[in-house]
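Okay, so here's the structure we're looking at.
The values are calculated or read from the model by the stated rules, or taken from the named source; none is laboratory data. Small disclaimer: the values here were computed from a predicted structure and weren't measured. Positions of Cβ are generated from backbone atoms using ideal geometry, with glycine treated the same way; all protein chains shown enter the neighbour counts. Quick note on the areas: whole protein, heavy atoms, side chains included, nothing else; ligands and nucleic acids left out. Shrake-Rupley method; radii C 1.70, N 1.55, O 1.52, S 1.80 Å.
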Amino acid sequence: MTKTVHIKTYGCQMNEYDSARMADVLAPLGFAPTARADGADMVILNTCHIREKAAEKVFSELGRLRALQAARARDGGRMLVAVAGCVAQAEGEEILRRAPNVDLVVGPQAYHRLPEMLARLTRVGGGGVLDTEFPVNTKFDHLPESVTPPGASAFLTVQEGCDKFCTFCVVPYTRGAEYSRPVADIVAEAERLCANGALEITLLGQNVNAYHGAGAGVGTDGDSWGLGRLIRRLAEIPRLQRLRYTTSHPRDLDAALIAAHADEPKLMPYLHLPVQSGADAVLKAMNRGHTADHYRHLVDRLRRAVPGIALSSDFIVGFPGESDRDFAATLRLVGDIGYAQAYSFKYSPRPGTPAASIAAQVPDALKAERLAMLQACLADQQAAFNDASIGRTLPVLLERRGRKPGQLVGRSPYMQAVHVAAGDEALNGIAQVRIAGAGPNSLAGELATEHGVSATPPADRHMATEAYP
Ligand code: 5AD
Ligand code: SF4
């Protein structure tokens, strides 16, 4: 009998990948994914702990689920509730104590054992089951092959965990030490994704460019491959048209990766390279291991390799001890670099991290003021970057329907969202799109060829090689 599972994903793309893998793990047990929580046989909250009151949000969501569980019980059924992800890892037992309606608590490195946990739950009857162990390598060894259709743009986790210990960040505690999957496993997974329709793969890792996986092939045993070499290998998959990776650390952006940007056309001209702050004193207190000028220099090298590369970043304002001068240095760095897009956050003290116990916390009102200034500056840069696309023809991977009928939405090589008037026959393909308009967060355009996507017959459409300037 088919049962249904509703998975709600919070936070980063790695959680999106994990949610899809959890669906794969549950499929052999007869669980089919559903978009609705009410009436589901199982609800999984795949949580994020990076900022704000993440745990509190999860507890209030769990409160809301209680009503759905009661309704299900009235109909004679049972709705299981599981908490997964980084809040599960960080809070563990506390979740079962505070929310007795939770049946399972499963950490990000343990969800391959969901079937055993469900069996244990049936055996023990009441009371929750918890698994927050950390064997990241065994997780990948035990995950089944994906049964979830990947879509035209797919995620593939190649690396997990982080050894950097930035003083503001919980990731080294919730995701554990750095682990890189072997090249052969990644290539096999990428080939499967492409055989199932993927044209673009985004390689994921908390510290993706620290990737150092065991090499593939005869005679290469013991070899360690960096991300640049891995990208070149994946680019050999004929159907694959586009590669991206996220998230990178400036310290691990090596010459081989920059060279891959320069001469691997499938590697998209876009890089999310978080800098966090433009002030050296703050970068030092954050334990980032680089200065603002080191970052500027890296960007110069990247731009020499790929003129026109679109850059994105993360920023934290109001890190403990951040002075007006420090913040001004961040604005100066933003002015120097010129970002195509960026994410910025108020510093949020995370329990157990070193920065949370620094005495000189910045008042919230000042954080809010700095955030507004920074975001205004970043929004101007993003608008200017988008405006400069008007009149160009860009290859767009049309990956979903838009809100309006007859509209598709996709991404330019530079990661901009592009709305295109086009029929479903263009969905899941790469189309040449003439950009006619630009808004703060997206572009609008029309197909550059008369009858849909391109001059190539529909069957070959996916194979059309992209050209971008
Ligand atoms: N407070 C605010 N922002 C944070 N980030 C990570 N930890 C914190 C924190 N404690 C941001 C960083 C990181 C992004 C994923 O989230 O900018 O790059
Ligand atoms: Fe967190 Fe720093 Fe590791 Fe990124 S590099 S995951 S910000 S500790």
- Can you spot a residue in the range 107-115 that is at pLDDT below 95 and hydrophobic (A, V, I, L, M, F, W, C)? yes
- Query: Which ones in the range 274-294 are outside any helix (DSSP H, G or I), surrounded by fewer than 18 Cβ atoms within 10 Å (Cβ to Cβ) and on the phi < 0 side of the Ramachandran plot?
  - Reply: 291
- Item | Answer residue from the range 154-177, given it is within 19 Å of the chain's Cα centre (by Cα) and open to solvent by 40 Å² or more (accessible area, probe 1.4 Å) and is farthest from residue 16 (Cα to Cα) among those | 163
- Query: Looking at residue 420, is it within 22 Å of residue 269 (Cβ to Cβ), free of Cβ contacts under 8 Å to residues at least 40 places away in the same chain and of a type outside the set (Lys, Arg)?
  - Reply: yes
- Note on the structure: In the set 51, 78, the lone residue that is in contact with an Asp or Glu (Cβ under 8 Å, 6 or more places away or on another chain), of a type outside the set (S, T, N, Q) and over 26 Å from residue 150 (Cα atoms) is 78
- Item | Positions within the range 353-367 being open to solvent by less than 70 Å² (accessible area, probe 1.4 Å) and either in a loop (DSSP other than H, G, I, E, B) or away from ligand 2 (no atom under 16 Å from the Cβ) (or both), in sequence order | 353, 358, 360, 361, 362, 366, 367
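Quick grid of which residues meet (1) farther than 20 Å from residue 147 by Cα; (2) within 16 Å of ligand 2 (Cβ to nearest atom); (3) open to solvent by 10 Å² or more (accessible area, probe 1.4 Å):
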{"residue": "9", "(1), (2), (3)": "no, no, yes"}
{"residue": "68", "(1), (2), (3)": "yes, no, yes"}
{"residue": "72", "(1), (2), (3)": "yes, no, yes"}
{"residue": "82", "(1), (2), (3)": "yes, no, no"}
- Query: So which helices (runs of 4 or more DSSP H) stay within the range 58-175 end to end and still have 1 or more residues that are under 22 Å from residue 41 (Cα atoms)?
  - Reply: 85-91, 93-98, 114-124
- Within the range 114-128, residues being free of Cβ contacts under 8 Å to residues at least 40 places away in the same chain and surrounded by fewer than 21 Cβ atoms within 10 Å (Cβ to Cβ) number 10
- Message: Between a residue in the range 152-181 that is within 13 Å of residue 12 (Cβ to Cβ) and within 11 Å of ligand 1 (Cβ to nearest atom) and any residue that is part of a strand (DSSP E or B) and open to solvent by 20 Å² or more (accessible area, probe 1.4 Å), which pairs come within a Cβ distance under 6 Å, given they are 6 or more apart or on different chains?
- Response: none
